[in-house]
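The values are calculated or read from the model by the stated rules, or taken from the named source; none is laboratory data. Keep in mind it's a predicted model, so treat the numbers as computed, not measured. Note that each Cβ is placed from the backbone with ideal geometry, even for glycine, and that neighbours are counted across all protein chains shown.
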Amino acid sequence: MAGARCRGAAEGTGPGTGTAVGVAVCGLGAAAWLSPALRRFAAVLMALAGPLLFRLGYRLYARTRLGFLFHQRQVKKARERFPHGHSVTQPLVFRGMKIVPIPVLDNNYSYLVIDTGSRRAAVVDPSDPVAVQAAIEEEGVTLEAILCTHKHWDHSGGNAELRQRHGACKVYGSALDAVPELTNPLGDKEKVTVGCLTFEALATPGHTVGHTAFVLDAGPFGGPPCLFSGDLLFLAGCGRLFEGSPETMLASLDAAVSLGEDTLLWPGHEYALECLSFASLLELDNPALEQKLLWATKQRWEKRSTCPSTLGEEQSYNPFLRTHRRELQEALGLRRGSGEPPDAFRARVLKELRRRKDLYKPTWGAPPRHLGTPPSPPGLCH
Ligand SMILES: [Zn+2]
């Protein structure tokens, strides 16, 4: 049944195409009186219009004030729906450093990272300034830096308000990405220091053209590196390719993996259950995936956060980090062409994976009776 779902999803041709096809079918139903030639023409028009409308909607969201107004509405609705946040999170404490995940919107995470010696702090992707400000006050820290992975409002929507409140606070991110209120543009491998904390920018284009992940060196505090991955990488998933090719995204994912297996992954969204469910349709015989799905199902039905995982774990079940694995290639029905460079083939595998994931519609199974209501609905960015 799982394979059939994926094969069924393989009918579209790009983001939003599933909707376009659906609309086209409805349109044809209403226009059954048209001649066959006109019906074919109408079908072609509808199939072309779907992706165009998707691109137009994306541009309005990402590049105009309309997008910000839409974001503010989403924030308001999420605050009503989840007055205490969408998930129960757990701070991670090392000697001299603390990471506080802040659940915002329907499924985003911001992270407050604190040098506990000096009480100076940085925040990653503050989309809801009210929730972030509450965490700042609760922790009694001074906000010195906003680290913004990319321009999408669900990652940057709180930049302006927090900058207004905290005059000395700088905004770091890529100059390529129209990050709101950007004060300090960063290139690949450039560093940001906040108290005793050192972050390194990791250019990871693909989701957006200037997407930047941040790597915290927790070595001085006795911890492993911490990757704040924004919409590059999620537990068992990766970000949609809004502004990059599969080749670009593959290089960005490879850069993340090179950080080492013990690296802690702090993603921009709580998408674990949906991503693991999708992965399990492709790899039917992967014990690591099976176990993580069982664990995540329990976590999510108890509204608990699934962060962080490690990059080592991710490589054992995240299909987007397993494009080199034969079992996954076979599940997708792909074979390396003669003379095809290995990375070109992996990019082709990633492209097919991404296409299927874009069309995937999760249907949660019945929860174990004692676990209550199902988790949050899926979001757009993965
Ligand atoms: Zn995004």
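For region 105-119, a residue qualifies if it is within 15 Å of the ligand (Cβ to nearest atom) and of a type in the set (A, V, I, L, M), and exactly one does: LEU105. Quick one: in region 207-220, which of the residues that are within 16 Å of the ligand (Cβ to nearest atom) and part of a loop (DSSP other than H, G, I, E, B) is nearest to LEU112 (Cα to Cα)? This residue is HIS211.
Looking only at region 65-87, decide whether some residue is in a strand (DSSP E or B), in contact with a Ser or Thr (Cβ under 8 Å, 6 or more places away or on another chain), modelled with pLDDT of 95 or more and within 19 Å of HIS269 (Cβ to Cβ). No; the residues of region 65-87 include none that is in a strand (DSSP E or B), in contact with a Ser or Thr (Cβ under 8 Å, 6 or more places away or on another chain), modelled with pLDDT of 95 or more and within 19 Å of HIS269 (Cβ to Cβ). Scan region 188-206 residue by residue and report those that are free of Cβ contacts under 8 Å to residues at least 60 places away in the same chain, over 21 Å from the mean Cα position of the chain (by Cα) and part of a loop (DSSP other than H, G, I, E, B). Result: LYS189, GLU190.
Selection of region 120-142 for residues being within 15 Å of the ligand (Cβ to nearest atom) and either in a helix (DSSP H, G or I) or among the hydroxyl-bearing types (Ser, Thr, Tyr) (or both) yields only SER127. Counting only residues that are free of Cβ contacts under 8 Å to residues at least 40 places away in the same chain and not in a loop (DSSP other than H, G, I, E, B), region 319-343 holds 4 of them. Among the residues of region 259-283, those that are among the small types (Gly, Ala, Ser) and either within 20 Å of VAL124 (Cα to Cα) or within 16 Å of the ligand (Cβ to nearest atom) (or both) comprise GLY268, ALA272. Total residues in region 171-187 satisfying the condition of being outside any loop (DSSP other than H, G, I, E, B), crowded, with 20+ Cβ neighbours inside 10 Å and of a type outside the set (Phe, Trp, Tyr): the figure is 3. From the list ALA168, ALA145, the one residue that fits, being away from the ligand (no atom under 16 Å from the Cβ), of a type in the set (A, V, I, L, M) and either surrounded by fewer than 19 Cβ atoms within 10 Å (Cβ to Cβ) or not assigned by TED's automatic domain parsing to the domain that holds SER305 (or both), is ALA168. When you check GLY158 against the structure, is it small (Gly, Ala, Ser), farther than 30 Å from GLU290 by Cβ, touching a strand residue (DSSP E or B) at 6+ places or on another chain (Cβ under 9 Å) and free of Cβ contacts under 8 Å to residues at least 24 places away in the same chain, yes or no? No: the conditions fail for GLY158. The set of residues in region 196-206 that are surrounded by fewer than 21 Cβ atoms within 10 Å (Cβ to Cβ) and more than 16 Å from the ligand (Cβ to nearest atom) comprises CYS196, THR198, GLU200. Residues in region 294-310 that are touching a helix residue (DSSP H, G or I) at 6+ places or on another chain (Cβ under 6 Å), buried (at least 20 other Cβ atoms within 10 Å of the Cβ) and in a helix (DSSP H, G or I): ALA296, ARG300.
Within region 221-253, restricting attention to residues that are within 16 Å of the ligand (Cβ to nearest atom) and aromatic (Phe, Trp, Tyr), the residue that is surrounded by the fewest Cβ atoms within 10 Å (Cβ to Cβ) is PHE242. When LEU273, LEU282 are checked against the criterion of being surrounded by fewer than 23 Cβ atoms within 10 Å (Cβ to Cβ) and in contact (Cβ under 8 Å) with a residue 60 or more places away in the chain, a single residue qualifies: LEU282.
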